[in-house]
1. Return only the number of the condition from (1) part of a strand (DSSP E or B); (2) buried (at least 23 other Cβ atoms within 10 Å of the Cβ) that GLY268 does not satisfy.
2. Evaluate the following for ASP79: is it surrounded by fewer than 20 Cβ atoms within 10 Å (Cβ to Cβ) and free of Cβ contacts under 8 Å to residues at least 12 places away in the same chain?
3. Within the range 315-326, is even one residue touching a Pro at 6+ places or on another chain (Cβ under 6 Å), within 30 Å of ASN200 (Cβ to Cβ) and assigned to a loop (DSSP other than H, G, I, E, B)?
4. Of all residues in the range 231-265, count the ones that are of a type outside the set (A, V, I, L, M, F, W, C) and part of a helix (DSSP H, G or I).
5. Report yes if some residue within the range 394-413 is polar (S, T, N, Q), out of contact with any His (no Cβ under 6 Å at 6 or more places or on another chain) and in a strand (DSSP E or B); otherwise report no.
6. Among the hydrophobic types (A, V, I, L, M, F, W, C), buried (at least 22 other Cβ atoms within 10 Å of the Cβ), closer than 30 Å to GLU257 by Cβ and touching a residue at least 40 places away in the same chain (Cβ under 8 Å), is that true of ALA207?
7. Name every residue in the range 368-393 that is assigned to a helix (DSSP H, G or I) and touching a strand residue (DSSP E or B) at 6+ places or on another chain (Cβ under 8 Å), in order of residue number.
8. Could you please let me know if LEU146 is open to solvent by 10 Å² or more (accessible area, probe 1.4 Å) and either aliphatic (A, V, I, L, M) or in a loop (DSSP other than H, G, I, E, B) (or both)?
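The values are calculated or read from the model by the stated rules, or taken from the named source; none is laboratory data. In this text, all values refer to a predicted model and were calculated from it rather than measured experimentally. Note: ideal-geometry Cβ built from the backbone for every residue, glycine included; neighbour counts use all protein chains shown. Only protein heavy atoms, including side chains, enter the accessible area calculation; ligands, DNA and RNA are left aside. Shrake-Rupley method; radii C 1.70, N 1.55, O 1.52, S 1.80 Å.
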Amino acid sequence: MNNVLVIGSGGREHALSWRLKQSPSVAKVFCSPGNGGIAQDVECVALATHDDIVEFCKKENIALVVIGAEQPLVDGLVDKLEAANIPAFGPRANAAKLEGSKGFMKDICKKYNIPTAAYGFFSDAQSAKEFVAGRACPIVIKADGLAAGKGVVIAQDKVEAETAIDEMFSGKIAGGERVVIEEFLEGEEVSFFALTDGTNAIEFGYAQDHKRVGDGDKGPNTGGMGTYAPPPVMTDALRAQTMKEIILPTVAAMAKEGAPFSGVLFAGLMLSKTGPKLLEYNVRFGDPETQSLMMRFDGDLYPVLLACAAGGLDKVNISFRKEAAMCVVMATKGYPGDYAKGSEIRGLEKADALPNVKVFHAGTKREGDKIVAVGGRVLGVTALGETIAEAQKNAYKAVDAIDWPEGFCRRDIGWRAIK
Ligand code: AMP
Ligand code: GLY
């Protein structure tokens, strides 16, 4: 029996902790720092630094560390754990660059013929502007580095493009010391997940996210307002094509470059008229995609994640339930702009008690016997159903059982599949 430590505090980490806790090969799950809802399922601990994490792992005999978000991966937490002989799920820093530098990712795609938007990669504003001058609009301007979801501007005309370039190089947008400029692609987006141990790669589900804050995909971008899985737009043929043309060549490329990738490759795909194209790689699970994925995952998660770290992924079994899953994100009013903290959320037990429902917590905190909202995205109300329409009905029934006047959610998650 094994102890596991999950690193993070979002709905994604709640879903992973919850599934790992159900694993027959896991004795105890810890989560650092966790949140008010995660603490109801597993033990939360506060570990401030990477050194603290290593110390804790030794003390608690941790057999696997599962890292939720990209920043610790880019900062080399896996390298540090490996040096202490502690298995960790996620890539080393040199492979986490696939998310940490968009230019690095694009250069890999170009070198190994992986389908992605045509692009240029620039380290000064003048050359970036010259590139834009010769191209059609809309055109996409991206900060090279991590920008917490704020590093992509879709410029409708050249003036907007030049403004975005200036803002990135002046440091007004994080991660913009260098800039990728790319062709605007049209189509439907899909979040596609593949696990890899550096040599083998296997599919691990796919979902569709709703990034805009408002119904009908209106309003500003967010971290994600809801997901459903599996989206019917992703046919078996497209899945096979994605593995063959994007995932497997990437795994081989990274090994060849001397930076083997292990963990999860989260490919943001654009299903263009000419086939799936890679918009971006994330080197960690999606949030809120993971909530839908983990709801459907069927089986023992621990050996699967361990095999990514230790090798032997070709020998593990993966299965998902045939039902569809949907996650509706409830956020504090005002999000993704300014919002107040500290409002009480009631009715959570009632929602969680509904059949085929699990409420994952993101920005919550326990205060006495109350659960209060302390973040933008606060809950991921997740449900299963025979069809996507049924999963949607079940998810919104749970949403409606939650009494939280200061919160809101979209009412149309899954519309593309249900219309
Ligand atoms: P990224 O962080 O690269 O996924 O970009 C965030 C969002 O910007 C994506 O989910 C897309 O909706 C959009 N986007 C990024 N690149 C492109 C592109 N080349 N063409 C059209 N939309 C894009
Ligand atoms: N839901 C998109 C992401 O996790 O980046």
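1. (2)
2. No, not satisfied.
3. Yes; the residues of the range 315-326 include at least one that is touching a Pro at 6+ places or on another chain (Cβ under 6 Å), within 30 Å of ASN200 (Cβ to Cβ) and assigned to a loop (DSSP other than H, G, I, E, B).
4. Counting residues in the range 231-265 that are of a type outside the set (A, V, I, L, M, F, W, C) and part of a helix (DSSP H, G or I) gives 9.
5. no
6. yes
7. Listed by number, the residues that qualify are ILE388, GLU390, ALA391, GLN392, LYS393.
8. Answer is yes for this residue.
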